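Shown next, in structure tokens, is the structure this report addresses.
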Amino acid sequence: MSFSLLGLAPELSRAVAEQGYETPTPIQMQAIPAVIAGRDVLAGAQTGTGKTAAFVLPILQALAQSPAGRAPRALVLTPTRELAAQVAESARQYGRHMKTRICVVFGGVGINPQIDALRSGCDLLVATPGRLLDLAGQRVLDLREVRHFVLDEADRMLDMGFIHAIRQVLKLLPQRRQNLMFSATYSDDIRDLATRLLRDPVSVEVAPRNATADRVEQRAYRVPKEHKRHLLAHLIRDGGWHQVLVFTRTKHGANRLAEQLAGAGIATAAIHGNKSQNARVRALEDFKTGKATALVATEVAARGLDIKELPFVVNYELPNVPEDYVHRIGRTARAGGTGCAISLVGPDEAGLLRDIERLLRRSVPVVAAPEFAVTADPRPAPRPAAQPHHQSGRHKSPGSDSGRRDAPGPKGRGPRGAGQARSAGRSFGAHAGRRFSSSRG
Ligand code: AMP
């Protein structure tokens, strides 16, 4: 199957070929023809499935076939600034052989350049809700020409409390338009919104929840909270990891961990909602270019980050909502690749892991944290080529030895160590009661 067989114009097929895409992903195969046919679409797809191209390509095609004015004829609404920037960047790549004018607006940065860009004419506008309403309120932006409307990551929009803003935006749009809605999960609220927004939609469901999860090698370390940072520093250094995205639950926790990892000699950047847009862009840039080995992020800040071939994701704390685990580990193993997701699970998190396993309908192998790794001084230490870590006077236990081998290699294909063999197939869920004294377990 090729992109041109989906009915895409040669300029678009050429642009995707230049991106290195050989065949359309499942969401693209299903959604592109439906969008070209002018249908409304409800798509169950998360980041990593190629969903952006699934709506951007056919919309660019439609835009090229209708006369341009000054006001946008297509609007993509995203929950976060990062996602808005990424969608716009993808659209620019896909539209590079066309004359389509693409603009992006989001908060946290100066509004004037955005006003200037809109005034000079825009065909496809990518926006976060707040700034969009701001610009519309200032009458800089006229949304009455919008013929194609995309609600991207609708579930996240609702989680972030944007329902009111979405309603406001809808009031500014003309009645006659095509609507596309993308959501990784389906709650009752999402179904409600879909019923109100979409007219006789084609439903496309490509990402059964664990499709991504199935390609990710998953592992959990049982580790007391106070030892998590030592273990993480050890895993990164000893595994030779060069790029790892680490999730924390809070902004404060992200800052603290970033400082601790930096103190342990690991180049680290942090990204969360309290950081300025510029600081976030810089952190992401440092991470993408390899200047920073670790990027510590909160859930919301990391939403939709498109980092190519991210090999490792670490849950420093498990998320409270099991679906978020799937989102998080979906940052690795993107577009068909493989990756490795490691969770550091404290005694009070056993119940959370059990919920996750229930959602995934599979168990996550649990490994005991190697003793030397959690008690070792996390200060930087050059990795001894052939010297085992337990040299520092600590006794050599099976745990310590296996701990070394358990750390998977950069491609996530770590050799199976004794520790893993011992614990493979077990899960917190099945053994939580015995292993933890917490009330959740
Ligand atoms: P998305 O789900 O839109 O965030 O896309 C995830 C990643 O997959 C991005 O890095 C895209 O560049 C990439 N991608 C999208 N479509 C394809 C394709 N047909 N073949 C290979 N990679 C793709």
### Summary
Of the candidates Ile102, Ile166, the one satisfying the condition of being under 26 Å from Arg39 (Cβ atoms), modelled with pLDDT of 95 or more, touching a Cys at 6+ places or on another chain (Cβ under 9 Å) and not basic (Lys, Arg) is Ile102
### Task
Report whether or not Leu75 is outside any helix (DSSP H, G or I), in contact with a Phe, Trp or Tyr (Cβ under 8 Å, 6 or more places away or on another chain) and under 29 Å from Glu205 (Cβ atoms).
yes
### Task
Test Ala68 against the stated conditions and say whether it is assigned by TED's automatic domain parsing to the domain that holds Ala127, in contact with a Lys or Arg (Cβ under 8 Å, 6 or more places away or on another chain), away from the ligand (no atom under 15 Å from the Cβ) and assigned to a helix (DSSP H, G or I).
no
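Mind counting the residues in the range 258-281 that are over 23 Å from Phe106 (Cβ atoms) and either within 20 Å of the chain's Cα centre (by Cα) or not assigned by TED's automatic domain parsing to the domain that holds Ala294 (or both)? Spell out how you get there, then give the answer.
Start the filter on the range 258-281 by keeping residues that are over 23 Å from Phe106 (Cβ atoms), which leaves 258-268.
Right, trim to either within 20 Å of the chain's Cα centre (by Cα) or not assigned by TED's automatic domain parsing to the domain that holds Ala294 (or both) and you get 258, 268.
So the answer is 2.
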### Message
I'd like to verify a number: residues in the range 19-35 that are more than 7 Å from the ligand (Cβ to nearest atom), surrounded by fewer than 24 Cβ atoms within 10 Å (Cβ to Cβ) and touching a residue at least 40 places away in the same chain (Cβ under 8 Å), how many?
### Response
3
#### Entry: Qualifying helices (runs of 4 or more DSSP H) (wholly inside the range 239-315; at least 1 residues being closer than 19 Å to Thr78 by Cα)
277-289, 299-302
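Here is a yes/no grid of residues against (1) of a type in the set (S, T, N, Q); (2) at pLDDT 90 or above; (3) buried (at least 22 other Cβ atoms within 10 Å of the Cβ):
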| position | (1), (2), (3) |
| --- | --- |
| Asp214 | no, no, no |
| Arg222 | no, yes, no |
| Glu226 | no, yes, no |
| Thr248 | yes, yes, yes |
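Which one of Arg361, Arg354, Arg328, Arg334 is of a type outside the set (A, V, I, L, M, F, W, C) and modelled with pLDDT of 85 or more? Before you say what the answer is, go through the steps one by one.
Details: Arg361 fails: modelled with pLDDT of 85 or more; Arg328 fails: modelled with pLDDT of 85 or more; Arg334 fails: modelled with pLDDT of 85 or more.
That would be Arg354, the only listed residue that is of a type outside the set (A, V, I, L, M, F, W, C) and modelled with pLDDT of 85 or more.
Answer yes or no as to whether Asp200 is free of Cβ contacts under 8 Å to residues at least 40 places away in the same chain and either over 28 Å from Val326 (Cβ atoms) or in a helix (DSSP H, G or I) (or both).
Numbers: free of Cβ contacts under 8 Å to residues at least 40 places away in the same chain: no; either over 28 Å from Val326 (Cβ atoms) or in a helix (DSSP H, G or I) (or both): yes.
No, not satisfied.
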### Query
Of Ser13, Ser90, which residue is within 14 Å of the ligand (Cβ to nearest atom), touching a Ser or Thr at 6+ places or on another chain (Cβ under 8 Å), free of Cβ contacts under 8 Å to residues at least 12 places away in the same chain and in the same structural domain as Arg131 (by TED's automatic domain parsing)?
Ser13
### Task
Sort out which residues of the range 40-56 are of a type in the set (S, T, N, Q) and near the ligand (Cβ under 6 Å from one of its atoms), and write them in order of number.
Thr47, Thr49, Thr52
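The values are calculated or read from the model by the stated rules, or taken from the named source; none is laboratory data. Keep in mind that what you see is a predicted model, and the values were worked out from it rather than measured. Every residue, glycine among them, receives a Cβ derived from its backbone with ideal geometry; neighbour counts consider all protein chains shown.
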